[in-house]
Amino acid sequence: MNEQLPLLCYFEGKVVPLSEAKVGILTHAFSYGTGCFEGIRAYFNTEHDQLYVFHPLEHYRRLQQSAGILLMTLPFSPEQLVQKTTELLSGSGIRTDAYIRPMMYKADEIIGVRLHNLRSELYITVQPFGNYIDIDRALDVCTSSWKRIDDNMIPARGKITGAYVNSAFAKSEAQLSGYDEAIMLDNSGHVSEGSAENLFILRGGTVYTPPVTANILEGITRATIITLLREELGVPVVEREIDRTELYVCDELLLCGTGAQIAPVGSVDHRQVGGGGVGDLGRALQTLYFDVVRGNVPKYAHWCAPVYEEARQTNSEKPLAVAY
Ligand code: PMP
């Protein structure tokens, strides 16, 4: 990355240096959590000399849905937002892995809880970014004493800022008790998701993941993994309710998300999962996933939006060698 260039952001209608983007302390979303956001990753491919944004359109379509749930309308189409994002990344001169944070939020500086009749604004920030959690070892996780918020409380389907207090309760409880991460159950006692990750278990050659009705965020990594498991690794995937104790007896457990990427789990509530380390499926999936997100797999090149126009055209014909 060129250190001379300031990080640019889109803020309330203009492109400005990040240091100039400020909101007032009475901003509605700050007081009441009335915003929705996305976390998007971009991966730098040194061989291609190119930065690829992973699944940006899907993220902006989800932002559009979250905004609609909160009675807001995005000022641009998802396609236009992808364009703005690549311009911010290239304008900031980022040539390393990066993170993009768009947020649509209730911007009026007023007192009063509601969703309607409020001005809403959009920002998009970009920044260099590495791993969010350690994915080179198996994580020790717990089931949280905090229950996942229900669709009729704050819908997890919308990526709503205020809802992340629920995730923060679970994550801090887990980490302050010595675990790496928390898995939340929903009010029916079934497995929902991690604090910021969807979840997959492997049992007897089939992979299971909670359905979209289990108070989960409908993850883009989740959808990616379902495709890669079925299409490339030949592993059947079933979306169904998962019991807490299935986490104890499964062969492998994986957490996944844009931030977490693919994080294998070695124990749940002190019960060892599989061999306790990174399992064969987890390792195969990680290898394949990182090839895909870096734009090295031609079949999935359309999932990766290039940022720089004048990249070297060396798109390798790397075969999908990973077999499970
Ligand atoms: N669940 C929650 C609660 C999350 O915050 C995230 C991260 N966005 C995920 C799941 C994973 O979603 P995605 O793969 O779209 O990043």
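Just so you know, all these numbers are worked out from the coordinates, no wet-lab data involved. Bear in mind the structure is a predicted one, so any value in this text is a computation, not a measurement. Neighbour counts run over all protein chains shown; Cβ positions are idealised from the backbone, glycine included.
Observations on the model:
- Mean residue ellipticity, 222 nm, helices only, the chain: the sum of -39500 (n - 2.57) across DSSP H runs of n ≥ 4, divided by residue count and rounded to 500, is -7000 deg cm²/dmol.
- Amide H contacts of Arg95 (H built 1.01 Å from N, under 5 Å, at least 5 apart or other chain): Asn2
- Each residue of the range 27-32 was assigned a 3J(HN,Hα) from its phi angle through the Karplus curve 6.51 cos²θ - 1.76 cosθ + 1.60 (θ = phi - 60°); the sequence is 3, 3, 5, 6, 6, 10 Hz, with glycine and proline shown as x.
- Bridges between two residues of the range 188-311, per DSSP, are antiparallel at a rate of about 85%.
- Of Lys22/Lys171; Lys84/Lys299; Lys22/Lys106; Lys106/Lys159; Lys14/Lys106, those spanning more than 20 Å from alpha-carbon to alpha-carbon: Lys22/Lys171; Lys84/Lys299
- Shape of the range 120-251 from the C-alpha gyration tensor: rounded (a/c under 1.5, with a ≥ b ≥ c the square roots of its eigenvalues).
- Between the range 177-210 and the range 22-69, the C-alpha centres lie 24 angstrom from each other.
- For Arg203, Arg114, Arg62, the sequence from fewest to most other C-beta atoms within 10 Å is Arg114, Arg203, Arg62.
- Neighbour-count ranking [beta-carbon atoms within 10 angstrom, fewest first] of Asp134, Asp97: Asp134, Asp97
- Taking θ as phi - 60° and the Karplus parameters 6.51, -1.76 and 1.60, the scalar couplings of the range 109-117 work out to 9, 9, 9, x, 8, 5, 10, 8, 6 Hz in sequence order, x denoting glycine and proline.
- In terms of surrounding Cβ atoms within a 10 Å radius of their Cβ, Arg230, Arg148, Arg157 rank from fewest to most as Arg230, Arg157, Arg148.
- Taken along the Cα-to-beta-carbon direction at a fixed 7 Å, the label points for His270 and Val15 span 5.6 nm.
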